[in-house]
Amino acid sequence: MPLRRHPVQRAVAAVLIAGGLVLLGLSHVRYGLAAQSGSVMLSILPLLFAGLLLGRRGLWATAAAYLAILLLGAWADLQRQAANADEWREIVSHLLQPVLANAIVALILDRLILKSDIAARRNRELTLICRHLELEIRDKEDSQAQLLQSQRIDALGKLASNVAHDFNNLLGVVLGFAQRGLGHRGIDDETRHCLQRIEAATRRGRGLTSKLLTLARNDAALRETFDANEVLDDLQPMLHSIAGPGAETRATLCGDAAWIRMDRAEFEAAVLNLAKNAVDAMPGGGRLTLATEIEGEAVRLRLEDTGHGMSAQTRARIFEPFFTTKPRERGSGIGLAMVHRVVTEAGGTIDCDSAPGAGARFVLQLPRQPASSGTTVAAA
């Protein structure tokens with residue numbers, strides 16, 4: 001097999017070999033074939049270099065050029081000597097030896113190059129097969145990992161169903177006492193306001209637990225068209241409660257109605273989950289900012305915090321199920337995976353921009369819908 005070289009290097013080698021053949025030809029024309037009989041090995045060198053540097057085509061082209069040079073040498077001898085029978089036999093004798101040597105060397109080099117090319121081709125094929133096997137192994141490993149995650153999610157759904165059922169009963173008790181307190185006469189306005197907030201939060205909690213039951217039963221999501229600004233405005237008290245006294249919350253909602261279509265309870269759960277993660281990233285306090293804007297046919301929801309931020313490695317895996325950097329008692333690794341699923345199923349996207357010490361910014365982009373007609377549709 002010829003050496004792998006740059007095209008410029010191959011061109012230089014071809015020029016040098018051609019130059020050597022020209023010099024050899026001039027020598028044969030000048031001195032004749034008989035004078036070159038002692039330099040057979042020297043004449044074979046162009047064949048060796050051509051086979052090594054230029055391959056089979058270069059080899060046979062050099063062999064043909066050398067044969068032409070031998071014929072020129074024989075012609076030069078004929079021009080110098082009388083054309084009798086003895087002289088013809090001597091010229092033919094001088095011609096046969098280098099011709100046979102040239103043919104034998106060319107054939108040997110051709111077979112060696114051919115076998116080398118076959119071996120190189122098989123080596124490339126084996127390399128491709130190995131790469132293909134590596135890709136198949138990697139795909140099978142990914143499929144196995146996805147299967148394990150699916151099994152874990154299925155088990156989690158069944159566990160969530162049992163927990164949600166019992167927790168729903170507890171929320172029913174809380175709701176009952178809140179409504180009972182609101183029924184008392186003579187309570188002051190502050191107490192009434194707190195009880196109303198408890199009642200509203202409890203109802204939302206029951207809605208979320210019902211979603212856990214839906215997840216376990218694999219029921220269809222209840223999608224509707226609603227104004228995201230209106231829902232976010234209703235969530236403000238809960239966001240203030242999640243942030244606590246140590247974190248400041250700001251909301252900048254656009255003036256136009258931001259109509260989107262998805263499950264309202266899932267949208268609320270996604271926003272609350274992002275807010276909870278933002279607060280957890282600011283243990284020493286900070287600022288939580290929520291903003292909406294309309295860009296063409298999209299509604300953008302931006303949620304920023306001034307927390308400790310994330311590294312690039314962590315940011316690349318935050319939407320993976322069961323991946324978390326929190327302690328076991330504080331995080332399960334399914335919150336952001338749920339947010340990603342909810343947003344993508346609604347036809348939207350979610351992006352995260354973060355760096356260590358620079359906080360985090362989550363941007364949800366959802367398709368903008370026409371004004372709601374007040375209908376609710378169950379979607380798979």
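Structure above, values below:
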{"read-out": "Tally of residues being modelled with pLDDT of 75 or more and aromatic (Phe, Trp, Tyr) across region 69-115", "value": "1"}
{"read-out": "Only one of ALA379, ALA291 that is at pLDDT below 90, within 22 Å of ALA257 (Cβ to Cβ) and over 27 Å from the mean Cα position of the chain (by Cα)", "value": "ALA379"}
{"read-out": "Pairs with Cβ under 8 Å, 6+ apart, first in region 346-367 and among the basic types (Lys, Arg), second open to solvent by 40 Å² or more (accessible area, probe 1.4 Å) and outside any loop (DSSP other than H, G, I, E, B)", "value": "ARG361/ARG302; ARG361/GLU304; ARG361/ASP353"}
{"read-out": "GLU190 being closer than 30 Å to LEU235 by Cα, modelled with pLDDT of 75 or more and open to solvent by 90 Å² or more (accessible area, probe 1.4 Å)", "value": "yes"}
{"read-out": "Helices (runs of 4 or more DSSP H) completely within region 211-325 that count 2 or more residues being under 17 Å from VAL343 (Cα atoms)", "value": "228-234, 264-280"}
{"read-out": "Qualifying positions in region 259-273 - surrounded by fewer than 23 Cβ atoms within 10 Å (Cβ to Cβ) and among the aliphatic types (A, V, I, L, M)", "value": "ALA265, ALA269, VAL271, LEU272"}
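The values are calculated or read from the model by the stated rules, or taken from the named source; none is laboratory data. Because the structure is a prediction, the values reported are computed rather than measured. When we count neighbours, we look across all protein chains shown, and the Cβ atoms used for this are built from the backbone with ideal geometry, even at glycine. Surface accessibility is based on the protein's heavy atoms, side chains included, excluding ligands, DNA and RNA. Shrake-Rupley method; radii C 1.70, N 1.55, O 1.52, S 1.80 Å.
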